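All remarks here apply to the structure that follows.
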Amino acid sequence: MKLTDNVLRSFRVAKVFRENSDKINCFDFSPNGETVISSSDDDSIVLYDCQEGKPKRTLYSKKYGVDLIRYTHAANTVVYSSNKIDDTIRYLSLHDNKYIRYFPGHSKRVVALSMSPVDDTFISGSLDKTIRLWDLRSPNCQGLMHLQGKPVCSFDPEGLIFAAGVNSEMVKLYDLRSFDKGPFATFKMQYDRTCEWTGLKFSNDGKLILISTNGGFLRLIDAFKGAVLHTFGGYNNSKAVTLEASFTPDSQFIMIGSEDGKIHVWNGESGMKVAVLDGKHTGPITCLQFNPKFMTFASACSNMAFWLPTIDD
């Protein structure tokens, strides 16, 4: 089944899970699409089975809190940042609920965490104005970059380069093998005083970069030239909430939730809005991602919703 405007318009909430007492701050699909794991401000980690459509288990990180949860390449392990006590990144085995390793170094809250799509490398960005490069096999930071402001960062789909958004006005591209030499490309954007950048993602084909903000718009840029291709707006975000925006796996569509519980979808090529889906969320949709392997996506406020298409196009 191929994603088209009509198929996207047909998506409906198939299941809603109310496992959390506070907002879900992050979730991540496993690379095989079979499970999704969420972290919440209520200090819980919930693992869901996507095929059976049910929660599998709940773990807690009461002491340190949990945010920015990410699967590693091993099916049963995750890394996540802390939002209490310290700013250490933790590497957890879900199988026995034990920490495998800690990654200390950041001195302020970690606001970006991206796992390499190809190996054990990951990067983190923090309010301490640094980006750190890590390897899961070592607690020591493998590389450190000092920036002028709050960073957002992400790997490209091949794991060869990573992008850093700095000061909500510049995108810098680094080659992983020689990132200490500085960026090989820098794209300067128009600075917007009304909001700041909250996320940065590459499309699966590596050709596009999506920049999300805590304002009422998103930017789609060319990953090679840095030109702004489209600015998407018209969704509600009056309280400057961090709303996650995502590509569909085919890189064709862009979606974001809003504070009124609706999901807005645009065609990345034409820039036209193709759908507004009502998820009946009780709060702002802070997390939204498409399953990498199956025709389903998930959205979350303090509840988690699984969506399915209702037509075969």
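The values are calculated or read from the model by the stated rules, or taken from the named source; none is laboratory data. This is a predicted model, so every value here is computed, not measured. As a convention, Cβ positions derive from the backbone with ideal geometry for all residues, glycine included, and neighbour counts pool all protein chains shown. SASA here: full protein model, heavy atoms, side chains in, ligands and nucleic acids out. Shrake-Rupley method; radii C 1.70, N 1.55, O 1.52, S 1.80 Å.
The residues of region 1-42 that are in a loop (DSSP other than H, G, I, E, B) and over 20 Å from the mean Cα position of the chain (by Cα), listed by number, are Met1, Lys2, Leu3, Thr4, Ser10, Phe11, Arg18, Glu19, Ser21. Determine whether region 220-237 contains at least one residue that is open to solvent by less than 30 Å² (accessible area, probe 1.4 Å), over 23 Å from Ala305 (Cα atoms), assigned to a strand (DSSP E or B) and of a type in the set (A, V, I, L, M). Yes, the conditions are met somewhere in region 220-237. Out of Asn237, Asn204, one residue alone is of a type in the set (S, T, N, Q) and under 21 Å from Val111 (Cα atoms). It is Asn237. Would you mind stating whether Ser251 is in contact (Cβ under 8 Å) with a residue 40 or more places away in the chain, of a type outside the set (A, V, I, L, M, F, W, C), crowded, with 17+ Cβ neighbours inside 10 Å and within 17 Å of Asn204 (Cα to Cα)? Taking the combined requirement at face value, the residue satisfies it. Residues that are modelled with pLDDT of 90 or more, open to solvent by 40 Å² or more (accessible area, probe 1.4 Å), within 20 Å of Ser178 (Cβ to Cβ) and not small (Gly, Ala, Ser) are absent from region 81-99 altogether. Restricting attention to region 1-56, the residues being hydrophobic (A, V, I, L, M, F, W, C), open to solvent by 10 Å² or more (accessible area, probe 1.4 Å) and free of Cβ contacts under 8 Å to residues at least 60 places away in the same chain number 1. Here is a check on your reading of the model: is Leu127 open to solvent by 30 Å² or more (accessible area, probe 1.4 Å), modelled with pLDDT under 95 and on the phi < 0 side of the Ramachandran plot? Against the criterion (open to solvent by 30 Å² or more (accessible area, probe 1.4 Å), modelled with pLDDT under 95 and on the phi < 0 side of the Ramachandran plot), Leu127 qualifies.
Restricting the search to strands (runs of 3 or more DSSP E) fully inside region 149-214 and requiring at least 2 residues that are over 17 Å from Trp134 (Cβ atoms) gives 161-166, 170-175, 185-188, 197-202, 208-213. Take the conditions over 23 Å from Arg70 (Cα atoms), surrounded by 19 or more Cβ atoms within 10 Å (Cβ to Cβ) and at pLDDT below 95 and apply them to Ser178. Does it pass? Against the criterion (over 23 Å from Arg70 (Cα atoms), surrounded by 19 or more Cβ atoms within 10 Å (Cβ to Cβ) and at pLDDT below 95), Ser178 does not qualify. Among the residues making up region 181-204, a single one is buried (at least 18 other Cβ atoms within 10 Å of the Cβ) and either of a type in the set (Lys, Arg) or on the phi > 0 side of the Ramachandran plot (or both): Lys201.
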